[in-house]
Amino acid sequence: MDNIKICVIGLGYVGLPLARLFSTKYPTIGFDMNQSRVDDLNAGYDVTLEVSNDLLKNAIDNYGFRCTTDIDEIRDCNFYVVAVPTPVDNNNRSDLKPLWGASETVGKVIKPGDIVVYESTVYPGVTEEECLPVIERVSGLKFNEDFFAGYSPERINPGDKLHTVEKIKKVTSGSTPEIADVIDKVYNSVLINGTHKAPSIKVAEASKIIENSQRDVNIAFMNELAKIFNAMGIDTKDVIEAASSKWNFIKLSPGLVGGHCISVDPYYLIQKAQVYGVLPRIMSAARRLNDGMGAYVANQTIKLMNKKGILVKDAKILILGITFKENCPDIRNTKVVDIYYTLAEYTSNITIFDLWADIAHVKEEYGIDIVKDDLNKFAGKYDVVIHAVAHKDFEVMDIRSLLADPKNGVVYDVKSTLNKNQIDGRL
């Protein structure tokens with residue numbers, strides 16, 4: 001396939017870094033339905049902070065990269081990459097509407113000989129059974145005769161400045177052996193560490209979903225251990241440090257499992273497994289356990305308050321951080337809100353402080369007001385401080401100085417990164 005011109009559909013945490021990278025090698029245009037998002041990107045600003053202003057401006061000024069909401073501007077592309085979200089609904093069932101919508105967009109512009117590659121995380125079979133029929137219906141073209149497809153699962157880790165997109169080894173696949181080679185070469189041409197070419201689209205889809213499911217199960221095990229050791233009065237972090245002295249112990253930590261990957265993707269495989277008559281007990285149990293950790297942290301904090309004689313009713317509580325992970329503005333599916341909602345049953349005097357999260361976005365998504373200010377202004381005002389997210393902003397702060405009574409107040413460390421002498425409890 002000669003004269004490749006790429007269009008990346010969906011310019012979020014996955015699509016934008018990939019589009020920016022492709023633009024250094026091929027003519028590339030980004031497509032998104034959000035006009036405000038497109039305007040920001042064309043002005044050289046990425047609100048997700050995944051692509052720096054300098055990198056984005058360099059792509060625009062030196063490589064001709066641009067973004068659009070106008071479907072007519074992507075008609076002359078011949079290599080389409082779909083990187084839209086794949087959420088679950090309120091019942092944790094797969095929500096394929098974003099994928100169907102993106103497939104309709106591709107169907108309106110795809111031409112004979114073109115290729116479409118999906119990056120969105122899905123259960124095995126979605127690309128060929130759900131997405132490509134939509135393209136066929138809208139375009140009137142025949143899959144694997146008129147147009148071709150592939151799947152290359154995204155591996156973006158929001159906020160990670162070490163494992164950036166160009167350094168990630170990517171899995172690729174194609175709908176025919178020849179197309180698999182083309183797709184593999186396109187990705188290989190921009191990646192430092194190359195690719196792994198899977199034998200089929202379904203294998204590539206399955207490989208992605210077990211990456212996140214494995215991490216979910218492993219973290220659930222650590223969370224279960226934390227519950228056991230907390231009940232026994234043993235410090236979980238001390239236990240992990242001791243166990244990790246063995247050469248083959250896998251060192252992980254307990255914590256809140258939020259975000260758009262680990263806390264969502266396993267549901268896709270759980271749902272599909274049940275269609276085939278398989279009940280994935282371990283994965284389902286891991287999801288239930290991890291989803292309950294926010295309420296667990298809140299209840300552990302309440303126990304510490306009771307021991308110190310702090311009345312839970314109307315107590316003043318400060319929660320440090322609301323994003324789903326440190327040093328990142330991403331609030332998708334953050335489990336910090338579960339801590340907030342549980343404590344809000346007892347007191348309305350709860351403040352959430354986060355310099356990374358967007359105030360309007362948090363309000364729109366969760367109906368919660370957060371504050372951004374000089375953290376030192378909050379010193380001496382609270383009965384309880386919960387260190388929920390390990391933002392670098394909190395590393396130099398004397399957390400106990402935020403308490404009205406540093407001796408009798410409560411500091412709970414969710415991430416177990418604070419000094420032991422600063423805290424009263426941790427996971």
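Among the residues of region 29-53 satisfying the criterion of being charged (D, E, K, R) and outside any loop (DSSP other than H, G, I, E, B), which is farthest from Arg332 (Cα to Cα)? If you could, list the steps in order and put the result at the bottom.
Of the residues in region 29-53, the ones charged (D, E, K, R) are 32, 37, 39-40, 46, 50.
Subsequent filtering for residues that are outside any loop (DSSP other than H, G, I, E, B) retains 37, 39-40.
Numbers: Arg37: 17, Asp39: 22, Asp40: 20 Å.
By that ranking, first place goes to Asp39.
So, in region 269-281, of the ones that are assigned to a helix (DSSP H, G or I) and in contact with a helix residue (DSSP H, G or I) (Cβ under 6 Å, 6 or more places away or on another chain), which residue ends up nearest to Ile156 (Cα to Cα)?
Step by step, filter region 269-281, then rank; the result is Leu269.
Residue under question is Glu205, and the condition is that it be without any contact (Cβ under 8 Å) to a residue 40 or more places away in the chain, in a helix (DSSP H, G or I) and of a type in the set (Asp, Glu); does it hold? First the steps, then the outcome.
Numbers: without any contact (Cβ under 8 Å) to a residue 40 or more places away in the chain: no; in a helix (DSSP H, G or I): yes; of a type in the set (Asp, Glu): yes.
For Glu205, the condition - without any contact (Cβ under 8 Å) to a residue 40 or more places away in the chain, in a helix (DSSP H, G or I) and of a type in the set (Asp, Glu) - is not met.
Within region 246-253, does at least one residue satisfy the condition of being over 24 Å from Glu119 (Cα atoms), aliphatic (A, V, I, L, M), at pLDDT 95 or above and surrounded by fewer than 16 Cβ atoms within 10 Å (Cβ to Cβ)?
Looking only at region 246-253, we keep the residues that are over 24 Å from Glu119 (Cα atoms), and these are 246-253.
So of that shortlist, the ones also aliphatic (A, V, I, L, M) come out as 250, 252.
With the extra rule that they be at pLDDT 95 or above, the set shrinks to none.
Taking every residue of region 246-253 in turn, none turns out to be over 24 Å from Glu119 (Cα atoms), aliphatic (A, V, I, L, M), at pLDDT 95 or above and surrounded by fewer than 16 Cβ atoms within 10 Å (Cβ to Cβ).
Could you tell me whether region 144-151 includes any residue that is surrounded by fewer than 16 Cβ atoms within 10 Å (Cβ to Cβ) and outside any loop (DSSP other than H, G, I, E, B)?
no
Among the numbered criteria (1) in a loop (DSSP other than H, G, I, E, B); (2) at pLDDT 95 or above; (3) closer than 14 Å to Val165 by Cβ, which single criterion is violated by Tyr26?
Going through the list (1) in a loop (DSSP other than H, G, I, E, B); (2) at pLDDT 95 or above; (3) closer than 14 Å to Val165 by Cβ, Tyr26 breaks only (3).
Output the residues belonging to region 169-180 that are surrounded by fewer than 19 Cβ atoms within 10 Å (Cβ to Cβ) and either farther than 18 Å from Tyr80 by Cα or within 19 Å of the chain's Cα centre (by Cα) (or both). Write out each step before concluding.
Residues of region 169-180 surrounded by fewer than 19 Cβ atoms within 10 Å (Cβ to Cβ): 169, 176-178.
Correct list: Lys169, Pro177.
Please note which helices (runs of 4 or more DSSP H) are completely contained in region 293-406 and include at least 2 residues that are over 29 Å from Pro87 (Cα atoms).
Details: elements: 293-307, 336-343, 359-366.
Helices (runs of 4 or more DSSP H) meeting the threshold: 293-307.
Looking at region 103-119, which of the residues that are in contact (Cβ under 8 Å) with a residue 40 or more places away in the chain and assigned to a loop (DSSP other than H, G, I, E, B) is surrounded by the most Cβ atoms within 10 Å (Cβ to Cβ)?
In this case the residue turns out to be Glu119.
So which of Glu128, Glu73, Glu136 ends up being more than 26 Å from Glu365 (Cα to Cα), out of contact with any helix residue (DSSP H, G or I) (no Cβ under 8 Å at 6 or more places or on another chain) and at pLDDT 95 or above?
Working: Glu128 fails: out of contact with any helix residue (DSSP H, G or I) (no Cβ under 8 Å at 6 or more places or on another chain); Glu136 fails: out of contact with any helix residue (DSSP H, G or I) (no Cβ under 8 Å at 6 or more places or on another chain).
Residue meeting the stated conditions: Glu73.
I'm checking my understanding of the structure. Among residues of region 222-237 that are part of a helix (DSSP H, G or I), without any contact (Cβ under 8 Å) to a residue 12 or more places away in the chain and touching a helix residue (DSSP H, G or I) at 6+ places or on another chain (Cβ under 9 Å), which one is nearest to Ser416 (Cα to Cα)?
Applying the first criterion (part of a helix (DSSP H, G or I)) to region 222-237 yields 222-232, 236-237.
Then keep just the ones that are without any contact (Cβ under 8 Å) to a residue 12 or more places away in the chain; that gives 228-229, 231-232.
Okay, now just the ones that are also touching a helix residue (DSSP H, G or I) at 6+ places or on another chain (Cβ under 9 Å), so 228-229.
Values: Ile228: 16, Phe229: 14 Å.
Filtering region 222-237 for residues that are part of a helix (DSSP H, G or I), without any contact (Cβ under 8 Å) to a residue 12 or more places away in the chain and touching a helix residue (DSSP H, G or I) at 6+ places or on another chain (Cβ under 9 Å), the one nearest to Ser416 (Cα to Cα) comes out as Phe229.
How do the pairs read when you match residues in region 33-58 that are in contact (Cβ under 8 Å) with a residue 12 or more places away in the chain with residues anywhere that are in a loop (DSSP other than H, G, I, E, B) and polar (S, T, N, Q), using Cβ under 6 Å and keeping only pairs 6 or more apart or on different chains?
Cβ pairs passing all conditions: Gln35/Thr69; Val38/Thr69.
The values are calculated or read from the model by the stated rules, or taken from the named source; none is laboratory data. All figures in this text were calculated on a predicted structure; none of them were measured in a lab. A quick note on method: Cβ atoms are made from the backbone with ideal geometry, for glycine too, and the neighbour counts reach across all protein chains shown.
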